[in-house]
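Down below is the structure, laid out as structure tokens.
The values are calculated or read from the model by the stated rules, or taken from the named source; none is laboratory data. Here the structure is a predicted model, which means the values were calculated and not measured. Please note: Cβ atoms are built from the backbone with ideal geometry, for glycine as well, and neighbour counts cover all protein chains shown. Keep in mind that these areas ignore ligands, DNA and RNA; they rest on the heavy atoms of the full protein, side chains included. Shrake-Rupley method; radii C 1.70, N 1.55, O 1.52, S 1.80 Å.
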Amino acid sequence: MLKVKAGQLDQLGLLFERYNRPLYGFFFKLTCDQEVSEDLVQNVFVRIIKYRHTYKGDGKFSTWMYHMARNLFADHYRKEKRRGYKEDVETADRYYQNEENAERSKIASEELDMLQLALNKLPEDKKEILVLSKYQGMKYKDIADLLDLTESAVKVRIFRALKELKVCYEKLEYEVVKP
Amino acid sequence: MDDKYMSLITEYIDGTLTEVRREEFETYVKDGFIDMKELEELASMQEQMLQAPEPEPSEALRTNFYQMLAEENRKLKKRSSRDLFGEFVQALFSTNKGRLAFGFSVLMLGLFMGNVFSRSAYTGQVESLSNQMADMKEVMMMTMLEGESVSQRLKGVQMSSGLVSENKDVTDALLLTLNNDENTNVRLAALASLAEYAEDPAIREGLVSSITQQKSPLVMVAMAELMVELQESQAKKEFEPILNAENTPDDVKSALRQNLDKIM
């Protein structure tokens, strides 16, 4: 990244190859929208170029990058809200509308889809911490840096989010079984 | 539930418990603070989560990214060349020193240009004026040399100084005066005037051939002295007839001889 900062933009290709999939996963889990997620990944790299002079090289690059990713997602989320989306219902609908997802959902087990649905029902902050910790496999320390929390606070939040996810999941299961 | 239990549970589920923390965890489980059944359910749900296939971005993402990168690269290059000029301008105008330097250089340039242009116009004018003057002087001189009064002709010869070297008409007129003027003083003046330019081969030749034309002893002696000064060996031959002539006064002959002996 320091090379990119020094003006060697070609080096950004290496960073892209390393981080495009995790970033895409991050956005996709949050938005359930392939197109939006890809746009957001692209925007992260645009921002990296634009703000490369602000990278000091002291913290982890990935933390710095996720900072931008979070800000971009927050911008996107605000914009969507202003347009009057009801997040939980809409994202779930879109998840099934997306052809690829529909295809995948046939193959994947029903539980997995239900998990994603349950995840979508969580408040944004809980959803985010689960995505970062479970899907992105980030360490507590890095999450703590990113969210400006202590490590133990991160662990507590992960536990609470996981527990709430379980509640949502069970509720969904119940709804599926009942009718 | 207490925060410390939650932390431990999270670590347990993620499998990140250290040895010390594990002992702590097990104590809490034994004492019934942590419900292992609930915990296992959470763990199995997490297991499910982790089984989820990683979502794959489409190829368009990569294409778009490299397009964007190439675009940015191009912009960067363009900007860096523009930056050099921009930096220069900024350096010039952002500080007082820079502004002062800029003002000073503009002033110097103005002075220089003004100097060059005005001088060339001025020198051109002066040149044409002095040319006109020289022309007038020449005309006047010619008129005066042809004048009837001796003093006027003398003035004419005096005026010729400064005109001789560059003007053949003036030289010819002076030689004519030297050879033909009836007044000795005028001839002597013409000789003195021409002597200044004796380095010029044409004038020198005219002077030498003028020797035989002279009748006045004063002019002859003056001529001989000039020839000695110029070390003109050709003059000896020219003086021969004068030295041999019967009507040349003896004093003149001896004076001439004395002088001519000095010519190598």
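Pairs from the list A:60/A:81; A:29/A:166; A:29/A:163 with a Cα-Cα gap above 21 Å: A:60/A:81. Loop-resident trypsin sites (Lys or Arg not before Pro) (DSSP state other than H, G, I, E or B) in the stretch A:34-84 with no more than 10 further Cβ atoms inside 10 Å of their Cβ: A:56, A:83. Overall size of the stretch B:63-113 from C-alpha positions, given as principal axis extents largest first: 60, 24, 8 Å.
Over the Cα atoms of the stretch B:148-261, the radius of gyration divided by the Kirkwood radius equals 0.96; this is the Rg/Rh ratio. Of all lysines in the structure, those lying under 30 Å Cα to Cα from residue B:262, and not within fewer than 8 positions of it along the same chain, are B:215, B:236, B:237, B:253.
Peptide A:128-141 is shielded by partner chain Cβ atoms: per residue, an average of 2 of them sit within 10 Å of its Cβ.
Treating each Cα of the stretch A:110-179 as an identical point scatterer and ignoring solvent, apply the Debye formula and state log10 I(q)/I(0) at q = 0.26 Å⁻¹. Results for the stretch A:110-179 at q = 0.26 Å⁻¹ read -1.10.
Beyond 23 Å, the tail of the calculated P(r) for the stretch B:109-186 holds 39 percent of the Cα pairs. Within 10 Å of the Cβ of each residue in B:42-52, the mean number of Cβ atoms contributed by other protein chains is 6. With semi-axes defined as the square roots of five times the eigenvalues of the C-alpha gyration tensor, the equivalent ellipsoid of the protein assembly as shown measures 123, 22, 18 Å, largest first. Summarised as an ellipsoid, chain B has semi-axes of 124, 23, 18 Å, derived from the eigenvalues of the Cα gyration tensor scaled by 5 and square-rooted, with the largest first.
Scanning chain B for GluC sites (Glu not before Pro) lying in DSSP loops with no more than 11 further Cβ atoms inside 10 Å, the longest uninterrupted stretch between such sites is B:1-147. In summary, the stretch B:52-91 shows an alpha-carbon radius of gyration equal to 2.00 times the 2.2 N^0.38 Å reference for compact globular proteins. A convex hull fitted around the alpha carbon atoms of the stretch A:1-50 yields 64 Å³ per residue. Rounded to the nearest 10 degrees, the inclination of helix B:217-230 to the longest alpha-carbon principal axis of chain B is 30 degrees. Carbon-plus-sulfur accessible fraction, the stretch B:80-187 (probe radius 1.4 Å, protein heavy atoms only): 63%. Interface area, chains B and A: about 3800 Å² of buried accessible surface, summed, with a 1.4 Å probe and ligands, DNA and RNA left out.
Once the Cα atoms are used to define both axes, helix B:150-160 deviates from the longest principal axis of chain B by about 30 degrees. The residues of the protein assembly as shown expose on average 59 square angstrom of accessible surface per residue, using a 1.4 Å probe on protein heavy atoms. Across the stretch B:9-61, counting alpha-carbon atoms alone, Rg and Dmax equal 16.2, 56 Å.
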